[in-house]
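Before any comments, here is the structure.
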Amino acid sequence: DIFVLQTRMGLIRAYHLRKARKEGIETVANQLTPTVNENHPSAAYQCGRLLAVLAALQQSALDDVVAGVVERYYASASSTPALVLGRLTRTSQFHLNKLDPRLARWWEHRIASIWERLGDDVPQTLSLEEQSLFALGYYQQLADDMRKKRKDTNETTEEVEQ
């Protein structure tokens, strides 16, 4: 449910905004937007986004997955991203091969853009605070994808009805 996701994201965001305000850091408010921030400077946040995109790719390629990427790897990816995300990106190639080539290129572009933001900055481990940024990136990306999917579905339904 998108309401539950928004509530989770709001609490995590509120924590970081309050902490930054106490420390006198003003740039955090611009970085921690209510919706996904593709340019967020935190590697932990980008790692969370990457996990959400990899999970969505798996869902797109396989549709009915009993124990997917998130169920199997969320805990380890949120604490040791360097160990997990490279491996998941490598296995995502199997999912890309199951898709139409144009759709596969679109997914590759999404994955590549997040890796580009990460660069050589994939953290070995994440502190508890960084894990909350990972969660924020994951849930904001998930909510953004759900919002776009719902919008696309509504537009398609309207076109059919006309």
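The values are calculated or read from the model by the stated rules, or taken from the named source; none is laboratory data. Since this is a predicted model, take the numbers as computed values, not measurements. For neighbour counting, all protein chains shown are included, and Cβ atoms are generated from backbone atoms with ideal geometry for every residue, glycine included. Side chains are part of the model used for accessible areas, which takes the heavy atoms of the whole protein and leaves out ligands, DNA and RNA. Shrake-Rupley method; radii C 1.70, N 1.55, O 1.52, S 1.80 Å.
Summary of computed values
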item: Prolate/oblate/rounded label for the stretch 54-97 (Cα gyration tensor, a/c 1.5); result: oblate
item: Rounded tilt (10° steps) of 101-118 against the dominant C-alpha axis of the chain; result: 10
item: Sites Arg72 and Phe94 - FRET efficiency at Förster radius 25 Å, r taken between beta-carbons, to 0.05; result: 0.95
item: Accessible-area value, Arg117, 1.4 Å probe, nucleic acids and ligands omitted, Å²; result: 90
item: Accessible area of Tyr138 in the full protein assembly, 1.4 Å probe (Å², nearest 10); result: 20
item: For the stretch 63-68, 3J(HN,Hα) per residue [Karplus equation, 6.51 cos²θ - 1.76 cosθ + 1.60, θ = phi - 60°, Hz, x = Gly/Pro]; result: 6, 9, 10, 6, 10, x
item: Centroid-to-centroid separation of the stretch 119-148 and the stretch 70-106 [C-alpha atoms, Å]; result: 14
item: Area of Asp63 that stays accessible when all protein chains are in place (1.4 Å probe, Å², to 10); result: 110
item: Accessible surface, 1.4 Å probe, highest first, among residues His40, His109; result: His109, His40
